1. Please specify each residue of region 201-216 satisfying the condition of being surrounded by fewer than 14 Cβ atoms within 10 Å (Cβ to Cβ) and part of a loop (DSSP other than H, G, I, E, B).
2. When you scan region 142-150, do you find a residue that is open to solvent by 80 Å² or more (accessible area, probe 1.4 Å), more than 30 Å from Gly23 (Cβ to Cβ) and more than 24 Å from the chain's Cα centre (by Cα), even just one?
3. Could you list, ordered by first residue, the pairs with Cβ atoms under 8 Å in which the first is in region 228-256 and at positive phi and the second is of a type in the set (Phe, Trp, Tyr) and open to solvent by less than 90 Å² (accessible area, probe 1.4 Å), at least 6 apart or interchain?
4. With respect to Glu144, is the statement that it is touching a helix residue (DSSP H, G or I) at 6+ places or on another chain (Cβ under 7 Å), acidic (Asp, Glu) and within 30 Å of Ala76 (Cβ to Cβ) true?
5. Can we say Asp65 is in contact with a Lys or Arg (Cβ under 9 Å, 6 or more places away or on another chain) and free of Cβ contacts under 8 Å to residues at least 60 places away in the same chain?
6. Mind checking which residues of region 219-275 are open to solvent by 80 Å² or more (accessible area, probe 1.4 Å), assigned to a strand (DSSP E or B) and modelled with pLDDT under 90?
7. Restricting attention to region 180-200, and to residues there that are charged (D, E, K, R) and crowded, with 16+ Cβ neighbours inside 10 Å, which single residue is nearest to Val233 (Cα to Cα)?
8. Residues to consider are Gln121, Gln126; find the one that is farther than 19 Å from Ile75 by Cβ, in a helix (DSSP H, G or I), open to solvent by 80 Å² or more (accessible area, probe 1.4 Å) and of a type in the set (S, T, N, Q).
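The values are calculated or read from the model by the stated rules, or taken from the named source; none is laboratory data. Nothing here was measured: the structure is a model prediction, and the numbers come from that model. Neighbour counts are summed over all protein chains in view; Cβ atoms, including those assigned to glycine, are modelled from backbone coordinates with ideal geometry. Ligands, DNA and RNA are excluded from the accessible area calculation, which covers all protein heavy atoms including side chains. Shrake-Rupley method; radii C 1.70, N 1.55, O 1.52, S 1.80 Å.
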Amino acid sequence: MRLSIMLPAIAWLLCTSMVRAEGVRGFSEPYRRVMVSASEMGTLAAIDVVEGQHVQRDQVLGQLDDRVLQASLKIAQAAKDAEGAMRAAKIDLEIKKRHLEGFVELSQAGNASVREVERAQADYDQALARVQAAEEQILLRQLEYDRTIQQIEKRRVRSPFDGIVTEIIKRPGEFVSPTDPVIFEVVQLDTLRCNLTIPNDQIQHLRLGMEVKLVVGQRQEPVTAMVEYIAPVVDPQSGTVLVKLRIPNSSQELKAGLVCRLDLPGDTRTARLLRTR
């Protein structure tokens, strides 16, 4: 029973001594990795990129079949551009306006009754309402046209950020369903991330925003990374804290998947590798 209690403490001591001797190790990984999905279901009509291609944010990667929507767009555009109903309503309004003005003049001269003027006014109001109804129809047709464009846009699959297409999961002709919508994998490599687990008694040497020197892969010169996240809780099993480092990689010289080493300042030989901004 006593041995079982002592084992975690022994493991923690060994881990701490190894960290101080050899530094903390982790692996570089893409800053972001996204499985890009289609927002609609349907048949995949086209793939516009190849694996390994650099893409820009909002660049079209592929699209679903939209032939029915394209036909609907033509109908919506024709309805939107139709002007016959509006022209007829405006002509009728102008005629009713002249009739009303004529009856008002006759009424002032005593040659038209009040009833005739009221009837002309009602006819004019009805013609005015028909113009308003035609304007509302034009607005509705414009909204229908815009909605169809948005529906077509939703069938295009775009990159969520600047990155590289690492995998194309579906091919043209395959069906994209709500239960299996993923088409591409895109990763961001102009910035990398390294996750490290650091003993809790060493975490006081780090703080958010601190710049540290990180050895990546076989490079002789360390690179500058920034402490982006320090977990607020300690892992009770290992006595370590998760720390995430952000590594600038605008030239994309560094590869994801390389071993990273952070030498903690407990070792005076490598204390100079840490510095604050």
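1. If the condition is that a residue be surrounded by fewer than 14 Cβ atoms within 10 Å (Cβ to Cβ) and part of a loop (DSSP other than H, G, I, E, B), then Arg207, Leu208, Gly209 are the ones that fit.
2. Step one: filter region 142-150 for residues open to solvent by 80 Å² or more (accessible area, probe 1.4 Å), giving 143, 147, 150.
Retained after the next criterion (residues that are more than 30 Å from Gly23 (Cβ to Cβ)): 143, 147, 150.
The next check asks that each one be more than 24 Å from the chain's Cα centre (by Cα); those that pass are 143.
Yes: one or more hits.
3. As it stands, the answer is Gly239/Trp12, since those pairs meet every condition given.
4. So Glu144 passes the test.
5. When the stated conditions are applied, Asp65 does not pass them.
6. Arg275
7. By that ranking, first place goes to Arg193.
8. Gln126
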